[in-house]
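Trainee: This is the structure, below, for whatever I ask next.
Quick note: the coordinates plus some simple rules give every number you see, no bench work behind them. As the structure is a computational prediction, the values presented were derived from the model and not from experiment. Reconstructed Cβ throughout: ideal geometry from the backbone, glycine too, with neighbour counts over all protein chains shown.
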Amino acid sequence: KRQEYSFIKVRFGRGPVSILILAYVEDNVYEWSGLDDVSIYTLNGRVIKTSGLQSNIEIISPTVKSPSAVMDYNESINLYNPDLYSATLNSSVASNPDTFTKFGTRVNALRVREDVEVELINWKQSNYYYYNQDSKFVEKTKQHIHPRLPVIHIEFYYKF
């Protein structure tokens, strides 16, 4: 079935795939909404907020970064269920050229690795973002967004 709007395919761990439709874009933050009152907010492909999940997150004033930049930064994050407010999220970002396959075609990409850590709860993970070198959009990502949730896989499909 052809989709009329931009959408994402989301899968938690080995669970089923869900489709979320782009509801709106404000200040480069994309809100993707599903039928089950789940919303995922992304900034340059990075999940910065969720609602409607069993455990949600919110990154307060997320850092906007260039995909090719190598940098370390700190942000404030709220975790819900269990609740942890204004924890420090330490991140380190680096990138290298890579490829991925979409619709049976090899796509030249920049693979960005983001190592994140909330020292307070001893939680450390690595997240990956695949930026299409032509479109400059993240088209695929694998992120650990909450200690109580399995890894989230997202594929982005944009309609312009």
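Trainee: For the range 1-151, what value does the Rg/Rh ratio take when both radii are computed over Cα atoms and Rh is the Kirkwood radius, given to two decimals?
Mentor: 0.95
Trainee: Turning to a different aspect of this structure: Quick one: Kirkwood hydrodynamic radius for the range 51-110, alpha-carbon pairs, angstrom, one decimal?
Mentor: Value: 14.2 Å, from the Cα pair sum.
Trainee: Could you give the alpha-carbon Rg of the range 9-86 over 2.2 N^0.38 Å, rounded to two decimals? Present the calculation step by step, with values, prior to reporting the outcome.
Mentor: On the way: Rg = 13.5 Å, N = 78, 2.2 N^0.38 = 11.5 Å.
Against the compact-globule rule of thumb, the ratio is 1.17.
Trainee: Continuing with the same structure: Place a point 7 Å from Cα of D115 in the direction of its Cβ. Which residues in the range 42-76 have their backbone N less than 15 Å from it?
Mentor: 70-74
Trainee: Given the options P67, G13, Q143, identify the residue whose Cα lies farthest towards the positive end of the charge dipole of the chain (+1 on Cβ of Lys, Arg; -1 on Cβ of Asp, Glu).
Mentor: Looking along the dipole axis, the top candidate is G13.
Trainee: Separate question: Summing +1 for each Lys or Arg and -1 for each Asp or Glu, what net charge is found among the other residues whose Cβ lies under 15 Å from the Cβ of N78?
Mentor: Residues near N78 contribute -1 overall.
Trainee: Quick one: what are the phi-derived ³J(HN,Hα) couplings along the range 118-123, Karplus 6.51/-1.76/1.60 with θ = phi - 60°, whole Hz, x for glycine and proline?
Mentor: Working through the residues one at a time gives 10, 4, 3, 10, 6, 10 Hz.
Trainee: Relative contact order, percent, of the chain when contacts are C-alpha pairs under 8 Å separated by at least 6 residues?
Mentor: Answer for the chain is 20 percent.
Trainee: Here is a further query. Give the distance, in whole Å, between the Cα centre of the range 15-36 and the Cα centre of the range 41-111.
Mentor: Between the Cα centres of the range 15-36 and the range 41-111 lies a distance of 15 Å.
Trainee: Under 25 °C and 0.890 mPa s, how fast does the range 102-146 diffuse according to Stokes-Einstein, given a Kirkwood radius computed over C-alpha pairs? Answer in µm²/s, whole number.
Mentor: Rounded to a whole number, D works out at 206 µm²/s.
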